[in-house]
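Please treat every number below as a calculation from the coordinates, not as lab data. In this text the structure is predicted, and so the values were computed from the model without any measurement. Neighbour counts are summed over all protein chains in view; Cβ atoms, including those assigned to glycine, are modelled from backbone coordinates with ideal geometry.
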Amino acid sequence: MEDYAGYDARGLLGQHGLSVLLEVTGDDGVTRRVLLDVGQSFSVIARNAAILNVKGSLRRVDAVVLSHNHYDHSGGLPGLLKWLRLPPSTLPLYAHPDAFLPSIALRGGKRVGVGVPATLKELEVLGANPALSKEPAPIEGVPGTYFLGEIPRVKGPEPKVKDNYVVLSDGTLKPHPLRDDTALAITVEGYGTVVITGCSHSGILNIVERVAKVTGESVRAVLGGLHLISAKGGEIEEVKQGLKDAGVEELHVGHCTGLRAECELMREWGKGFRRIKSGYVAEWGEG
């Protein structure tokens, strides 16, 4: 699921947000499944999965990863767990510990909830088994797939989010630095490393650098949102050059990337650029 509805199958829905179903086949021939993000609403994901004939795969998902806490990436999580009907504390849920801090935006003088729409305890009762960490870690049982943990911010522009806060235990507000922003890396035999990101609030150049340190390999392909929607021309140019210098050959982007940035990236990458949408499919492997 993505902001725009795809046209490869009739009836697909778009909704602001992102959800990516990953199928990873190991040397043993067994396919494992990871869901990165759960969009705003599980009803949209369930509809699209049915149209795309992947509802059975979604039923057999081995782990869920939250790229960060914002509602357009986490809102469908309670619905997914209710639909799966799992015993408590069953399905691995990978996220940064800060992903479950109460998160709000100030809009028109009002507080609007923009974080995960359930507490960690409520999610555990519904079947989630939290694996919260600031450190990188392999996704258990899924070959070559890594949760990146907290992304060190050492280079490139960091996308800003206006009027975004976390609520402290005493009820006061603190600007939300989005340290919970993270991503997934998959090392694909015979191809290279693929990064799956949600919004890249920590900066896509920092994410790419983190992957190289975690996997020991450079990144060949990126899929997800780059949050350049409010970036200025110089910032887009910095990201573009940084990705080129890092050896990234394919960009499959959308969601919060922004039209101006997409146009600039498409000019640079040509056939290596793809605009994702609901129902979008990408495959990587040998050959």
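Table for the structure above
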| item | result |
| --- | --- |
| Other-chain or far-sequence residues with amide H under 5 Å of A128's (modelled H) | S89, T90, L91 |
| Efficiency of FRET between A137 and K232 - r from beta-carbon atoms, R0 51 angstrom, step 0.05 | 0.90 |
| FRET efficiency for D163 and R275, using Cβ-Cβ distance with R0 set to 35 Å, rounded to 0.05 | 0.80 |
| Approximate spin-label separation W284-D27, in nm, with each point projected 7 Å along Cα-to-Cβ | 2.0 nm |
| At 1.306 mPa s and 10 °C, Stokes D of the range 220-281 from Kirkwood alpha-carbon radius, µm² per second | 138 µm²/s |
| log10 of Debye I(q)/I(0), alpha-carbon scatterers only, for the range 98-218 at 0.21, 0.22 Å⁻¹ | -1.22, -1.27 |
| Amide H within-cut-off set for W284, under 5 Å, with H built and near neighbours excluded | none |
| Cross-link partners of K271 among aspartates and glutamates (Cα-Cα below 14 Å; sequence separation of 8 or more within a chain) | E249, E250, E262 |
| Normalised per residue, the volume of the convex hull around the Cα set of the range 20-275 (Å³) | 136 Å³ |
| Estimated [θ] at 222 nm from DSSP helical runs (n ≥ 4, -39500 (n - 2.57)) normalised by residues in the chain, nearest 500 | -7000 deg cm²/dmol |
| Residue-wise HN-Hα coupling along the range 163-180, computed from phi with Karplus coefficients 6.51, -1.76, 1.60 (Hz; x: Gly, Pro) | 6, 10, 9, 10, 9, 7, 4, 8, x, 7, 9, 9, x, 8, x, 6, 5, 7 |
| For the chain, built as a Gaussian network whose Cα springs stay under 10 Å, the top-fluctuating residue of T197, T182, T119 | T119 |
